[in-house]
Amino acid sequence: ETRQALYLQRLRYGAEKITPQLVLGWATQGSARLLGRSDIGELAVGKQADLALFKLDELRFSGSHDPLSALLLCGADRADRMMIGGQWRVIDGQIEGLDVAQLIADHRQAARELIAG
């Protein structure tokens, strides 16, 4: 959503006015304000600890001079680590406590049942 907001607003106002830093503010503090939440939207003491960390060592990020621009413009779609409410939920790209093989098996079974009627 953040990338799409950046693209759409750049069409109207130009890249000079609509920067990745501005759009990040919309996505964090702006979203928190919209929800009427004062406990989220920024990294600060007393705020909820939600973080998403991305590795930028892939080929698609190599041409970017700015890490934030790389995240927004080069398709960072998978967090390497994610903290929600102060607890690590994703580590090394894997959701903690999720049995992916079982999830795939359950999904296949549900698909078979849909096809069978």
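The values are calculated or read from the model by the stated rules, or taken from the named source; none is laboratory data. The shown structure was predicted, so the numbers you read here are calculated from the model rather than taken from an experiment. So basically every Cβ, Gly included, is an ideal-geometry build from the backbone, and we count neighbours across all protein chains shown.
Assorted remarks:
So that you can scan it fast, the table gives a plain yes or no per residue for (1) in contact with a Ser or Thr (Cβ under 7 Å, 6 or more places away or on another chain); (2) more than 24 Å from GLN21 (Cα to Cα); (3) free of Cβ contacts under 8 Å to residues at least 12 places away in the same chain:
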| residue | (1), (2), (3) |
| --- | --- |
| LEU71 | no, no, no |
| CYS74 | yes, no, no |
| ASP77 | no, no, yes |
| ILE84 | no, no, no |
| GLN94 | no, yes, yes |
| LEU98 | no, yes, yes |
| HIS107 | no, yes, yes |
| ALA111 | no, yes, yes |
| GLY117 | no, yes, yes |
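- Candidates LYS17, LYS55 - the one that is loosely packed, with under 11 Cβ neighbours inside 10 Å, assigned to a loop (DSSP other than H, G, I, E, B) and at pLDDT 90 or above: LYS17
- Those residues of region 83-110 which are among the small types (Gly, Ala, Ser) and within 14 Å of LEU51 (Cα to Cα), in sequence order: GLY85, GLY86, GLY93
- Residue in region 90-106 that is modelled with pLDDT of 95 or more, closer than 26 Å to GLY30 by Cα and not aromatic (Phe, Trp, Tyr) present: yes
- Single residue of region 62-89 satisfying the filter (of a type in the set (A, V, I, L, M) and closer than 20 Å to ARG3 by Cβ) that is surrounded by the most Cβ atoms within 10 Å (Cβ to Cβ): LEU72
- The lone criterion from (1) part of a loop (DSSP other than H, G, I, E, B); (2) loosely packed, with under 11 Cβ neighbours inside 10 Å; (3) on the phi < 0 side of the Ramachandran plot left unmet by GLY97 is number (3).
- Only listed residue being more than 14 Å from the chain's Cα centre (by Cα) and either modelled with pLDDT under 95 or surrounded by 13 or more Cβ atoms within 10 Å (Cβ to Cβ) (or both), chosen from LEU8, LEU35, LEU22: LEU22
- Odd one out for SER64, checked against (1) hydroxyl-bearing (Ser, Thr, Tyr); (2) more than 14 Å from the chain's Cα centre (by Cα); (3) not in a loop (DSSP other than H, G, I, E, B): (3)
- Some residue of region 26-48 being touching a residue at least 24 places away in the same chain (Cβ under 8 Å) and either touching a Phe, Trp or Tyr at 6+ places or on another chain (Cβ under 7 Å) or over 30 Å from TYR13 (Cβ atoms) (or both): yes
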